[in-house]
Amino acid sequence: MRNYADKQDFILSQSRDFSGCDLSGIDLRAVDLSGVNFLGADLRGANLSGSILTGANLREANLIQASLCEANLIEADLTQANLCGAVLWRSQFSGSNLTDASLCAADFSEADLSEAKLIEAKLIEAKLVRANLAGAKLCGAILLEANLTDANLIGADLTWANLTEANLTEAKLWGTKMIYAKLLDTIMPDGTIQEPQIVFL
């Protein structure tokens, strides 16, 4: 596993395949990484703010506490990636695949996750304030104590999702599928707290 100490070493490598590489803590701000292969790469604490990662392969990548503010990850593959504690505000994930990803305590404030796949994703205590989740697939996602204040969930699929103690204040839920969703002490869009029950909509 090769270690890239800084941005210059990374760029000079002229490689598009960094699968399994140790890139922890690397500074890759505003770099075009579209289509690059980061399969299983270690990107813990990396700074990818403003970078272009469209179509990149980040399957099983370790992005714990990484910074991806305003990054472009449209149609990127983040299946089973670990983004716990990552800062992703105003990032673009439209059409991306985050199936079974670990997103605990990640900050997706004002991020675009429209049409993204978040099937069985772990979003415990995630911050999704004003995030765009229109048409997103969140089937079986775990959203315990997630903050979805003013989030756009129009047409999203939350079938079997666990929204225990989640905050949906002023969230937009028109056409949202919540079949068998678990709403226990969930704060609803009108500010009321949902009584313990399984919801069938």
query: Which percent, to the nearest 5, of DSSP beta bridges fully inside the chain are antiparallel?
result: 10 percent
field: Spatial separation of Cα centroids for the stretch 72-106 and the stretch 107-163, in angstrom
entry: 11 Å
- request: Check the straight Cα-Cα distances from Lys117 and name the lysines below 29 Å, setting aside those fewer than 8 residues away within the same chain.
  value: Lys127, Lys137, Lys172, Lys177, Lys182
statement: With 0.36 nm assigned to each residue of separation and the Cα-Cα distance removed, Asp9 to Thr192 gains 60.5 nm
message: If I compute Kirkwood radius over Cα pairs in Å from the structure I just sent, which labelled value in (1) 16.7; (2) 20.0; (3) 18.0 lines up?
response: (1)
message: Defining a contact as two alpha carbons under 8 Å apart and six or more residues distant in sequence, what relative contact order in percent does the stretch 16-94 show?
response: 25 percent
query: For q = 0.22 Å⁻¹, what log10 I(q)/I(0) does the stretch 7-85 give under the Debye formula with an equal point scatterer on each alpha carbon and no solvent?
result: -0.97
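How high is the relative contact order of the chain, in percent, with contacts defined as C-alpha pairs under 8 Å that are six or more residues apart?
10 percent
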query: Excluding ligands and nucleic acids, what accessible area in Å² is computed for Leu98 using a 1.4 Å probe, to the nearest 10?
result: 0 Å²
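The values are calculated or read from the model by the stated rules, or taken from the named source; none is laboratory data. The shown structure was predicted, so the numbers you read here are calculated from the model rather than taken from an experiment. The accessibility values were calculated without ligands, DNA or RNA, using every heavy atom of the protein model including side chains. Shrake-Rupley method; radii C 1.70, N 1.55, O 1.52, S 1.80 Å.
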